[in-house]
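Working notes, beginning with the structure itself.
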Amino acid sequence: MIRAGTRTAPASCSNPANPAEVHHFSVLIGYGCGAINPYMAFETLDDLIRQGMLVNVDHNVACKNFVKAATKGIVKVASKIGISTIQSYLGAQIFECVGLKSGGRG
């Protein structure tokens, strides 16, 4: 996004199938993604409902619960590093590699 010059664009959006965990969402937001469509996660919820693994819940409630939990997780990740608003976290790129060794194999 930096090389393309779109990191600070207000309409940066992600539509990949993979993000389904708080870590994925947090990294996308940390690199400037303003919207995420986790459609594969929503499809998985539908499949779990069809298989009877999620009971007493419909598609809308399941998706709403997923989004609420993901949002709480993202806020928790940001707060652990001292950021109090998602707007401050958006595009901040404050990541570190931990446990990686430079200069060859480790």
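Bear in mind these aren't lab numbers, they're just calculated from the coordinates by the rules spelled out. Every value quoted in this text rests on a predicted model; they were computed, and no experiment measured them. Reconstructed Cβ throughout: ideal geometry from the backbone, glycine too, with neighbour counts over all protein chains shown.
Brief remarks follow.
- Length added when fully stretched, Val57-Ser84, from 0.36 nm per residue minus Cα-Cα: 6.5 nm
- Listed by chain and number, the aspartates and glutamates whose C-alpha is less than 15 Å from the C-alpha of Lys68, apart from same-chain residues fewer than 8 away, are Glu21.
- A protection proxy built from the mean count of other Cβ atoms within 10 Å ranks the segments 41-51, 19-29, most packed first, as 19-29, 41-51.
- Each of Asn56, Thr71, Gln87 was placed along the dipole of the range 42-90 (beta-carbon charges, centred on the mean Cα), and the one lying farthest toward the positive end is Gln87.
- Taking 17 Å as the cut-off, the amide N atoms of the range 21-40 that come nearer than this to a point 7 Å along the Cα-to-beta-carbon line of Ile94 belong to 26-33.
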